[in-house]
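K.L.:
Supplied in structure tokens, the structure appears directly below.
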Amino acid sequence: MVQVLERPPTASHQIVPAPKRAQDAYGRFMTYLRISLTDRCNFRCVYCMPATGMKFQPRDEHLTDEELLRVVRLCTKLGFRKLRLTGGEPTIRPHLVDLVREMKKFPGVDEISMTTNGLLLGRMADDLRAAGLDRINVSIDTLDPEKFKLITRGGRLDLVMQGIEAAEASGMTPIKLNAVVVRGHSEHEVADLAALTLTKDWEVRFLEIMPMEGVGIVYDEGLVTTEETKAELERHFGTLLPIETDPSDPARLWRIAGAKGKIGFISPISQPFCSACNRVRLTADGKLRLCLLRADEIDFREHLRAGATDEELESMLLAGIWRKPWGHGVAEGDRHTVRGMSQIGG
Ligand code: SAM
Ligand code: SF4
């Protein structure tokens, strides 16, 4: 069920990276930066935050807008082409629209997207689109308002649905929905969510839960593998039809016969996609996180605030990315996330 990673190719740790392009020792080029704008959130999803005892970082530990834009600009100079804004909940970060507008001006940025719970999108979608936000992924695990309230610990499904409609109307396409499938919470919701693709040109993606800090028990009891979710969908809709997928997209895509939209499966536990990884993460407190599920981080905030030059920061970025770990190692029993998902951004 849980799959051990394929063996990594030989790493060339002794070779200093010559070109000014973000690349790791295994030959993977980094082109995708996921940027967490805050560790705070207006929901408390069961698989993301503990019910009690959640500690948030002091605000002065977060990168200022200026510091954040500086790091992102340097990343785009070194080959990052896709930026994704996440959190916590990115829509509660002050000046979000201005940040999007500024990031969009950096040469080399092909696309800016955002992962959001959608609650505030109804009133923000038009401004975000006008500032240059290309796409959104909205996290939604059920279409039942009461279950939604339980999973998010208080969230309002009607507002999230309005947010999704507003994003679509503003021209942010394709709309992607993310559902974490968790036993005891949402494993019976997958057919209703998948049915949205019958009439909507949306991509509904089902994610395996990951063992993040603070929600280990939910993972231990709640992992539903892609194989199980796919079997549940095929019971309802018949055999799913495969769609060719970009190898760097972690989702494997399928379609219900005759449907307008697509179904995606993201399977970090049962089918790790580490060999095609092209991403690193910048946390709200200014750490470059090399792998979602490993604790290795490079502290940019410290160096930014100590007066590092652009050249010094670029060298740090190149050297740090060079030592990106091969894979997350969850199947081998490694669990060193140290942070919760809301402090990294997914
Ligand atoms: N608040 C935004 C949202 O929910 O979309 C962005 C941040 S959230 C941490 C990013 C993604 O991580 C969401 O799609 C969420 O469902 C997913 N996520 C959170 N905890 C997870 C876990 N333990 N395993 C797998 N995915 C998780
Ligand atoms: Fe908030 Fe997103 Fe985590 Fe839910 S998954 S608690 S919406 S950060």
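K.L.:
So, in the stretch 167-180, of the ones that are of a type in the set (A, V, I, L, M, F, W, C) and in a helix (DSSP H, G or I), which residue ends up nearest to ligand 2 (Cβ to nearest atom)? Lay out the reasoning, then the answer.
P.N.:
Kept after step one, since they are of a type in the set (A, V, I, L, M, F, W, C), are these residues of the stretch 167-180: 167, 169, 172, 175, 177, 179-180.
Keeping just the survivors that are in a helix (DSSP H, G or I) gives 167, 169.
Values: 167: 16, 169: 22 Å.
This residue is 167.
K.L.:
Still on this structure, I have one more. Looking at 232, 203, 221 in this structure, which one is among the charged types (D, E, K, R), under 21 Å from residue 140 (Cα atoms) and touching a Ser or Thr at 6+ places or on another chain (Cβ under 9 Å)?
P.N.:
Residue meeting the stated conditions: 203.
K.L.:
Which condition from (1) touching an Asp or Glu at 6+ places or on another chain (Cβ under 7 Å); (2) assigned to a strand (DSSP E or B) is the one that residue 84 breaks?
P.N.:
Going through the list (1) touching an Asp or Glu at 6+ places or on another chain (Cβ under 7 Å); (2) assigned to a strand (DSSP E or B), residue 84 breaks only (1).
K.L.:
Okay, moving on. Sort through 327, 286 and tell me the only one that's modelled with pLDDT of 90 or more, touching a helix residue (DSSP H, G or I) at 6+ places or on another chain (Cβ under 6 Å) and buried (at least 22 other Cβ atoms within 10 Å of the Cβ).
P.N.:
Working: 327 fails: modelled with pLDDT of 90 or more.
That would be 286, the only listed residue that is modelled with pLDDT of 90 or more, touching a helix residue (DSSP H, G or I) at 6+ places or on another chain (Cβ under 6 Å) and buried (at least 22 other Cβ atoms within 10 Å of the Cβ).
K.L.:
Look through 101, 84, 70, 135 and report the one residue that is on the phi < 0 side of the Ramachandran plot and in contact with a Pro (Cβ under 8 Å, 6 or more places away or on another chain). If you could, list the steps in order and put the result at the bottom.
P.N.:
Working: 101 fails: in contact with a Pro (Cβ under 8 Å, 6 or more places away or on another chain); 84 fails: in contact with a Pro (Cβ under 8 Å, 6 or more places away or on another chain); 70 fails: in contact with a Pro (Cβ under 8 Å, 6 or more places away or on another chain).
Unique residue meeting the criteria: 135.
K.L.:
I'm told residue 285 meets every condition in (1) in a loop (DSSP other than H, G, I, E, B); (2) farther than 23 Å from residue 40 by Cα except one. Can you identify the failing condition by its number?
P.N.:
Tallying (1) in a loop (DSSP other than H, G, I, E, B); (2) farther than 23 Å from residue 40 by Cα, residue 285 fails exactly one: (2).
Let's see how each residue does on (1) within 19 Å of the chain's Cα centre (by Cα); (2) closer than 30 Å to residue 295 by Cβ; (3) of a type in the set (Asp, Glu):
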{"residue": "205", "(1), (2), (3)": "yes, yes, no"}
{"residue": "213", "(1), (2), (3)": "yes, yes, yes"}
{"residue": "220", "(1), (2), (3)": "no, yes, yes"}
{"residue": "228", "(1), (2), (3)": "no, yes, yes"}
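K.L.:
When you check residue 4 against the structure, is it outside any loop (DSSP other than H, G, I, E, B), more than 16 Å from ligand 1 (Cβ to nearest atom) and either modelled with pLDDT of 85 or more or farther than 19 Å from residue 315 by Cβ (or both), yes or no?
P.N.:
Values: outside any loop (DSSP other than H, G, I, E, B): no; more than 16 Å from ligand 1 (Cβ to nearest atom): yes; either modelled with pLDDT of 85 or more or farther than 19 Å from residue 315 by Cβ (or both): yes.
So residue 4 does not fit the description; no.
K.L.:
Contact list please: Cβ distance under 6 Å, first residue in the stretch 271-300 and within 28 Å of residue 226 (Cα to Cα), second residue among the aromatic types (Phe, Trp, Tyr), pairs at least six apart or on different chains.
P.N.:
Pairs that qualify, where the first residue is within 28 Å of residue 226 (Cα to Cα) and the partner is among the aromatic types (Phe, Trp, Tyr), are 278/32; 279/32.
K.L.:
Still on this structure, I have one more. Within the stretch 131-150, count every residue that is within 13 Å of ligand 1 (Cβ to nearest atom), outside any strand (DSSP E or B) and within 16 Å of the chain's Cα centre (by Cα).
P.N.:
2
Here is a yes/no grid of residues against (1) within 18 Å of the chain's Cα centre (by Cα); (2) over 27 Å from residue 50 (Cβ atoms); (3) crowded, with 20+ Cβ neighbours inside 10 Å; (4) in contact (Cβ under 8 Å) with a residue 60 or more places away in the chain:
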site: 152; (1), (2), (3), (4): yes, no, yes, yes
site: 155; (1), (2), (3), (4): no, no, yes, yes
site: 171; (1), (2), (3), (4): no, yes, no, no
site: 177; (1), (2), (3), (4): yes, no, yes, no
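K.L.:
Oh, and also: Give the stretch 87-113 a look and list any residue that's within 16 Å of ligand 1 (Cβ to nearest atom) and either assigned to a helix (DSSP H, G or I) or crowded, with 22+ Cβ neighbours inside 10 Å (or both), or say none.
P.N.:
Within the stretch 87-113, 87, 88, 89, 90, 91, 92, 96, 99, 100, 112 qualify.
K.L.:
Evaluate the following for residue 114: is it within 12 Å of ligand 2 (Cβ to nearest atom) and farther than 21 Å from residue 203 by Cβ? Please lay out each step first, then the result.
P.N.:
Details: within 12 Å of ligand 2 (Cβ to nearest atom): yes; farther than 21 Å from residue 203 by Cβ: no.
For residue 114, the condition - within 12 Å of ligand 2 (Cβ to nearest atom) and farther than 21 Å from residue 203 by Cβ - is not met.
K.L.:
For the stretch 69-102, enumerate the residues that are free of Cβ contacts under 8 Å to residues at least 60 places away in the same chain, aliphatic (A, V, I, L, M) and closer than 30 Å to residue 152 by Cα.
P.N.:
83, 85, 92, 96, 97, 100
K.L.:
Okay, next question. Looking at the stretch 34-80, which of its residues are touching a Ser or Thr at 6+ places or on another chain (Cβ under 8 Å) and away from ligand 2 (no atom under 16 Å from the Cβ)?
P.N.:
Across the stretch 34-80, the qualifying residues are 79, 80.
K.L.:
May I ask you to list the residues in the stretch 169-225 that are near ligand 1 (Cβ under 10 Å from one of its atoms), farther than 15 Å from residue 265 by Cα and out of contact with any helix residue (DSSP H, G or I) (no Cβ under 6 Å at 6 or more places or on another chain)?
P.N.:
213, 214, 215, 216, 218, 219, 222
K.L.:
Return a yes/no flag: does the stretch 212-223 have any residue that is in contact with an Asp or Glu (Cβ under 7 Å, 6 or more places away or on another chain), modelled with pLDDT of 95 or more and of a type outside the set (Gly, Ala, Ser). Give the steps one after another, and end with the answer.
P.N.:
Residues of the stretch 212-223 in contact with an Asp or Glu (Cβ under 7 Å, 6 or more places away or on another chain): 223.
Filter once more, so that each one left must be modelled with pLDDT of 95 or more: none.
There is no residue in the stretch 212-223 that is in contact with an Asp or Glu (Cβ under 7 Å, 6 or more places away or on another chain), modelled with pLDDT of 95 or more and of a type outside the set (Gly, Ala, Ser).
K.L.:
If I filter the stretch 179-213 down to residues being under 15 Å from residue 251 (Cα atoms) and of a type in the set (D, E, K, R), which single residue comes out as surrounded by the fewest Cβ atoms within 10 Å (Cβ to Cβ)?
P.N.:
If we take residues in the stretch 179-213 being under 15 Å from residue 251 (Cα atoms) and of a type in the set (D, E, K, R), then 203 is surrounded by the fewest Cβ atoms within 10 Å (Cβ to Cβ).
K.L.:
Could you tell me how many of the residues in the stretch 58-75 are surrounded by fewer than 17 Cβ atoms within 10 Å (Cβ to Cβ) and not in a helix (DSSP H, G or I)?
P.N.:
2
The values are calculated or read from the model by the stated rules, or taken from the named source; none is laboratory data. The model shown is predicted, which means the values in this text are computed figures rather than measured ones. Positions of Cβ are generated from backbone atoms using ideal geometry, with glycine treated the same way; all protein chains shown enter the neighbour counts.
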